[in-house]
Amino acid sequence: MRFFLLIAGLFFFLCGNAENKSYSTFLIADSLSGNANAVIRYDSISYHLITPGMAELKRHKVVTILNRHGESFAQMYVMYDRNSKVTSFSGEVLDAKGERIRKIKKDEITDNSLVANYTLFQDDRYMIFEALNNSYPYTIVFDYSLTYDGIVSIDRWVPVPGYNVSVEKSVFTLISENNQPVNFKKVNLPVDCQTEPVENSTVFHWEISNIKAFDKEPFSPSFVDIFPILWTTPEKFEYEETVGEFKSWKSFGEWEWNLLSGKQDVSETTQNEIRDLIKNAGSDKEKVSLIYKYFQNRTRYVSVQLGIGGWQPFPASVVDEVGYGDCKALSNYMVSLLKVAGIKSIYSVIGNGDSKIMFTDFPSMGQANHVIVCVPFEKDTTWLECTSQEYPLGYIGLGNNDRYALLITEEGGKLVKTPSLDKNENRQIRKAEVVIDEVGNAEVKMLTEFSGLQYGNRNFLLTESKEEQKKWYLNNFEFNMPELNSFQLSENKTDESLLEENLDLYLPKYSTLTGPRLFLKPNIINTFPRPPSKSKTRKFGFEREFAYTDSDSIVYKIPEGFILESKMGDLTIENEFGKYSMRLEVADNQLIYLRKLEMNKGTWPAEKYEDYYSFYSAIWKADQSKVVLVKK
């Protein structure tokens, strides 16, 4: 009994000790309000880990909204599912002086499904109150508590929840009953853990204060790379009658392997279709290609997030029957089809997009959000993205490129890297012929080839109707009143990620006619974006996610009676960020514009940003250059 009184007292202290403090906005330090849209006045998160499968969470949060840009932080919400229960949810709104305007009424709190439009089954829900006020500044105070029956992960502590938000004080406390092992990984967190024994338990406590707001900077790395974050995992966990461990990625993979057990059977009819499909194939890779196309033609993606279904696929036999599934189910089905052909493949857990497995020494559920398939051949490895009906064999997109994937094997989990395509593979090669008439109108015939990760520049259009494709082109051309006479997208029928685009355009007044002169911009369609605003001081480093090469060869036919009066000079720039070259050749009545841009992948420190900005600006300026044609 004494232990539970101690725990209850600790919760009361952590979640309630801020109640006597005044939350007048006049008490916010100038250093915290200067570039902030909202200020976290006090935020206390307290976990009580009772057993490997049971926990309680209490949170007390006070946030001041300074202006309309901070309104997103005025939302009070708590998420839950069938393995968690909201036991309390309350709040109040304070005025600028810190005096209560009103308490939140129960009928103002809505209970909503978290189902997305691509989700068929999901039990995630959230309770929310949007405490919008008519005048600024104002303060929101809210409290909630949850109980968990089944734990796979503990939410990351992110004391600074976004850009332009400052923090007066934020604390995170975890009470591990019976001294259950808990693992922590801190990133950009300037404080250490305070540990205190309480009878048979251990209290872990983290606290930060007076954190100034971060400004969003151009080309910054992802949020999780630069903001203070504490990752937490219980070393052992229990979830819906399963038991697992986060001692290592190997042990986590063992849990995932058990979730796959007995779920890879397909019908006899499907097995016969697979055998008939591959009977004349000359190699295992050809068999994989045929089966992948078979798979794509009979499946589609939907999301399923029901309890353990968030981590466990439903059986391959179900996908075989209904023709749909989420990334887990579709990947498991693809593995099952390849198994019929006698080809080894591996169900692989990965972080897609902004999520990625960041720590090889710290296994946790929150680093991965997706599943793909690995097919190891003797001399190379092919990866399959099973949620796409149009990707060619081996193309897994930028979101899965060059990152760790966890292979789920009978021996447990094994971390490997997905391919990193270089600038010679991620290509956009464009050739065009442009006929300019005497008043500046242009007729354009253009062929562009996209390959590697640049295949993604257009592949999303392949499944759209002709009408939607045309609409996309007209909306994305940077021309005044363009006319699209014809267009065609064609995919290479081999297994390479290669796509060709043919365009026939009419561009009225593409060149400006002033008196006897025509002003022509040779870079017709591939100008570098305008440089972002130049920052006086750079806090964070910067990165480029992938390397690529753009090559443009544009032949202009000069209108009858005109000659070249002036042109920009040739230019070559090369440094650690990439290489840019541009030159203009004149032959008979033609101008030949040649441009090549090679951008390197990388991460650079803040002090290099000035050099990068200069490189970026020089490319943009060169792309805007014009030539002058004059009438003889």
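The values are calculated or read from the model by the stated rules, or taken from the named source; none is laboratory data. Quick caveat, the model's predicted, so the values are computed rather than measured. Calculation scope for accessible area: heavy atoms of the full protein, side chains included, ligands and nucleic acids excluded. Shrake-Rupley method; radii C 1.70, N 1.55, O 1.52, S 1.80 Å.
By a 1.4 Å probe calculation restricted to protein chains, VAL340 has an accessible surface near 40 Å², given to the nearest 10.
Of the residues PHE73, PHE237, ranked by 1.4 Å probe accessible area with the largest first, the sequence reads PHE73, PHE237. Here the Karplus curve 6.51 cos²θ - 1.76 cosθ + 1.60, taken at θ = phi - 60°, turns the phi angles of the stretch 500-512 into couplings of 10, 10, 10, 10, 10, 10, 10, 10, x, 6, 4, 9, 8 Hz, with x standing for Gly and Pro. Computed from Cα atoms, the angle from the helix 466-476 axis to the main principal axis of the chain rounds to 90 degrees. Note on the stretch 453-556: Rg/Rh from Cα positions, Kirkwood definition for Rh, rounded to two decimals, is 1.04.
The convex hull drawn around the Cα atoms of the stretch 388-503, when projected onto a plane and averaged over every direction, covers 9.6 nm².
In straight-distance terms, cross-link reach from LYS608 covers every one of the lysines whose alpha-carbon lies under 21 Å from its own, apart from those fewer than eight places away in the same chain; here that gives LYS216, LYS534, LYS536, LYS539, LYS579, LYS621. Expressed as a whole percent, the proportion of Cα-Cα pairs in the stretch 273-402 lying more than 18 Å apart is 54%. Binning the alpha carbon pair distances of the stretch 137-235 at 10 angstrom intervals from zero yields the distribution 12, 40, 33, 13, 2, 0, expressed in whole percent. Over the stretch 402-505, Cα pairs under 8 Å with separation of 6+ residues give a relative contact order of 24 percent. A cut-off of 5 Å between modelled amide H atoms, ignoring neighbours fewer than 5 places along the same chain, links GLY98 with THR25.
Computed across the stretch 537-632, the Kirkwood hydrodynamic radius from all distinct Cα-Cα pairs reaches 15.4 Å. Here the scattering of the stretch 46-89 is modelled by Debye summation over its C-alpha atoms, one equal scatterer each and no solvent; at q = 0.17, 0.24 Å⁻¹ the log10 of I(q)/I(0) is -0.65, -0.94.
Relative to the longest principal axis of the Cα atoms of the chain, helix 268-278 runs at roughly 30 degrees. For the stretch 317-460, the Kirkwood estimate of the hydrodynamic radius, built from every pair of different alpha carbons, is 17.5 Å.
In the chain, the longest principal axis of the Cα atoms and the axis of helix 327-340 are about 70 degrees apart.
Enclosing the Cα atoms of the chain in their convex hull gives a volume equal to 197 cubic angstrom per residue.
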